[in-house]
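A short worksheet on the structure shown next.
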Amino acid sequence: MVPSDTAPVRRGEEIDDAKLAAYLAPRLDHAIEPLAIRQFPGGHSNLTYYVSAGGVEYVLRRPPLGPVPPKAHDMAREYHVLSQIGPHFAPAPRVFLLCEDAAVLGAPFYLMERRTGVTIRREVPPEIAACPGYARRISEAFIDCLAELHAIDIRRHGLEAIGRPEGFLKRQVRGWSGRWERARTEPLPEMEALSEWLARRMPASQPATIVHNDYKLDNLMLDHVTLDAGDPALVSAVLDWEMTTVGDPLVDLGIVLCYWSEAGDPPMRREAISPVTAQPGWYSRQDLMRRYALASGRDLTDIQYYEVFGLYKLAVVLQQIYYRFQVGQTSDQRFADFNQRVRGLADSAVLVMETR
């Protein structure tokens with residue numbers, strides 16, 4: 001049966017199935033044939049494939065095509081991060097195999113567990129929409145899962161070496177400002193003003209935790225069966241651990257607020273991300289913050305700073321993708337209007353900045 005959440009591999013992003021089969025055969029403890037490869041069409045960065053080898057399902061991740069920034073899209077690091085966090089956090093998929101030999105598929109890749117569930121992107125899937133009270137219950141499961149991740153004792157479990165917590169926020173702001181300069185395709189004074197403000201108004205960091213660094217609704221897989229049955233265990237997987245590190249946990253919460261749209265947001269903010277959470281029944285950003293503060297005990301006095309940084313960072317990410325499109329490193333037409341999204345996010349970040 002063809003998995004419903006996959007699609008045929010996009011032209012130009014094909015995998016050499018013969019090379020993959022030859023590599024996997026001596027490394028997996030089961031038959032490789034028949035080998036089937038499809039693509040998960042969501043996401044704008046790393047390429048993610050569905051691989052069925054001898055009837056066993058896997059997910060394969062590799063970097064995007066074309067040149068990538070230094071230290072970005074590091075498959076070996078993502079593999080090792082997942083292998084360390086997985087034993088302490090059930091929603092993290094297991095990893096099985098890392099290939100750092102670019103001669104096999106043209107870039108490093110790794111193989112991980114295939115989790116099943118439903119992902120919410122720009123629309124609520126019918127199987128989720130049919131569940132009573134789904135918006136409130138998913139809102140709660142979403143923010144509770146983040147609090148659970150931040151509650152992992154990094155010292156007890158020897159996870160401090162995943163990142164460098166000292167000076168983390170300063171490095172983040174400086175790093176993303178540099179990425180903006182390298183990917184800029186036209187003047188955007190709002191982004192320059194945001195860069196300056198973020199450097200000047202930086203708060204003292206919270207005690208360090210695991211930081212997912214891209215925690216958002218469409219990086220979660222939800223179990224609609226447990227949702228329909230009223231079971232609170234709704235999160236079957238948290239995905240995209242590429243940027244995970246150790247540092248200030250409010251960076252994660254700022255990213256959550258950035259992605260979580262509300263009915264009163266400017267249209268460009270809602271549409272640049274996803275309008276789903278602006279629909280009736282979903283938690284507001286204030287609701288999320290209250291529930292997170294209660295679960296974590298953290299002081300959220302400076303949270304607007306982190307929301308501004310989240311919006312700024314997302315604008316830079318989209319600008320990097322748009323830059324790749326502009327210079328011909330990708331022909332994916334989904335990216336053709338990303339410059340408009342960047343402007344909308346920059347304007348939204350300025351609005352939040354000016355309320356502080």
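Every number here is computed from the coordinates shown, using simple stated rules; none is lab data. Everything numeric in this text was worked out from a predicted model, so none of it was measured. So basically every Cβ, Gly included, is an ideal-geometry build from the backbone, and we count neighbours across all protein chains shown.
Legend: ranking of residues 81, 95 from fewest to most surrounding C-beta atoms inside 10 Å; resulting order 95, 81.
Considering only 138, 120, 154, the residue lying farthest towards the positive end of the dipole of region 116-156 is 154, judged by Cα position with unit charges set on Cβ. Centroid-to-centroid, using Cα positions, region 24-60 and region 322-351 are 30 Å apart. Relative to the Cα centre, the charge distribution of the chain, modelled as +1 at Lys and Arg Cβ and -1 at Asp and Glu Cβ, gives a dipole magnitude of about 660 debye. In region 17-113, inverting the average of 1/r over every pair of distinct C-alpha atoms gives 14.1 Å as the Kirkwood radius.
Legend: Rg and Dmax of region 113-257, from Cα coordinates, 18.0, 52 Å.
Between 202, 336, 323, the Cα set farthest toward the positive side of the dipole of the chain (charges on each charged residue's Cβ, about the Cα centre) is that of 202. Using only alpha-carbon positions in the chain, the gyration tensor eigenvalues give semi-axes of 31, 24, 21 Å once each is multiplied by 5 and square-rooted (largest first). Measuring nothing but alpha carbons in region 221-356 and taking Rh as the Kirkwood radius, the Rg to Rh ratio lands at 1.00.
For the chain, the longest principal axis of the C-alpha atoms and the axis of helix 75-85 are separated by about 80°. Magnitude of the charge dipole for region 17-113, about its Cα centre and with charges confined to Cβ atoms of Lys, Arg (+1) and Asp, Glu (-1), is about 220 debye.
Count charges around residue 52 for me, please; just the other residues with Cβ under 10 Å from its Cβ, Lys/Arg as +1, Asp/Glu as -1. Counting the neighbours of residue 52, the net charge comes to +1. Along the axis of the charge dipole computed for region 17-113 (Cβ charges of +1 for Lys and Arg, -1 for Asp and Glu, origin at the Cα centre), the listed residues 64, 28, 52 are led at the positive end by 64.
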